[in-house]
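The values are calculated or read from the model by the stated rules, or taken from the named source; none is laboratory data. No experiment lies behind these values; they were computed from the predicted model shown. All Cβ positions, glycine included, derive from the backbone under ideal geometry; neighbour counts span all protein chains shown. Quick note on the areas: whole protein, heavy atoms, side chains included, nothing else; ligands and nucleic acids left out. Shrake-Rupley method; radii C 1.70, N 1.55, O 1.52, S 1.80 Å.
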Amino acid sequence: MENKIRLQMRFYGRVQGVGFRWTAQNLASLLGLTGWVLNDWDGSVLMEVQGQKSQIDSMIQRLDSDMFIEIERIEKKELPPIDSEWEFRVH
């Protein structure tokens, strides 16, 4: 079994107003991931997500294949996992 990791990711492209946050929440629930997602003032979407790397990679791949979402670039930063987190929230 893979170790749990936490990534902070900023998504650029056509990512606001296209259901990105709600799709991310549904995928997180399906894949057993925790964290949060929010629209930022600059038009990007900021997310912290936690789980196994393969699950997070699957989430990103599925977001990128959505017909309305167009991810042009992702900035990623690894963070320490938060053991007390149990859900994925939309802000």
Subject >> Within segment 26-43, considering residues that are buried (at least 18 other Cβ atoms within 10 Å of the Cβ) and of a type in the set (Gly, Ala, Ser), the one nearest to Arg89 (Cα to Cα) >> reply: Gly35
**OP:** Kindly check whether there is at least one residue in segment 78-88 that is surrounded by 14 or more Cβ atoms within 10 Å (Cβ to Cβ) and among the polar types (S, T, N, Q).
**Re:** no
**OP:** Could you check how many residues of segment 62-77 are among the β-branched types (Val, Ile, Thr) and either over 17 Å from Ser44 (Cα atoms) or open to solvent by 100 Å² or more (accessible area, probe 1.4 Å) (or both)?
**Re:** 0
Subject >> Tally, over segment 56-91, of residues that are closer than 15 Å to Arg14 by Cα, aliphatic (A, V, I, L, M) and either over 14 Å from the mean Cα position of the chain (by Cα) or in a strand (DSSP E or B) (or both) >> reply: 3
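Yes or no: Thr23 crowded, with 19+ Cβ neighbours inside 10 Å, in contact with a helix residue (DSSP H, G or I) (Cβ under 9 Å, 6 or more places away or on another chain) and β-branched (Val, Ile, Thr)?
So Thr23 fails the test.
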**OP:** Return the pairs, sorted by first residue and then second, in which the second residue is surrounded by fewer than 15 Cβ atoms within 10 Å (Cβ to Cβ) and of a type in the set (Val, Ile, Thr), the first residue lies in segment 49-67 and is under 14 Å from Leu7 (Cβ atoms), the beta carbons are less than 7 Å apart, and the residues are 6+ apart or on different chains.
**Re:** Gln50/Ile82
**OP:** Sort out which residues of segment 13-39 are under 10 Å from the mean Cα position of the chain (by Cα), among the hydrophobic types (A, V, I, L, M, F, W, C) and over 14 Å from Met67 (Cβ atoms), and write them in order of number.
**Re:** Ala24, Leu27, Ala28, Leu33, Trp36, Val37, Leu38
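This table checks each residue for (1) touching an Asp or Glu at 6+ places or on another chain (Cβ under 7 Å); (2) among the charged types (D, E, K, R); (3) assigned to a strand (DSSP E or B); (4) surrounded by fewer than 13 Cβ atoms within 10 Å (Cβ to Cβ).
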position: Glu2; (1), (2), (3), (4): no, yes, no, yes
position: Ile5; (1), (2), (3), (4): yes, no, yes, no
position: Gln16; (1), (2), (3), (4): no, no, no, no
position: Ser54; (1), (2), (3), (4): yes, no, no, yes
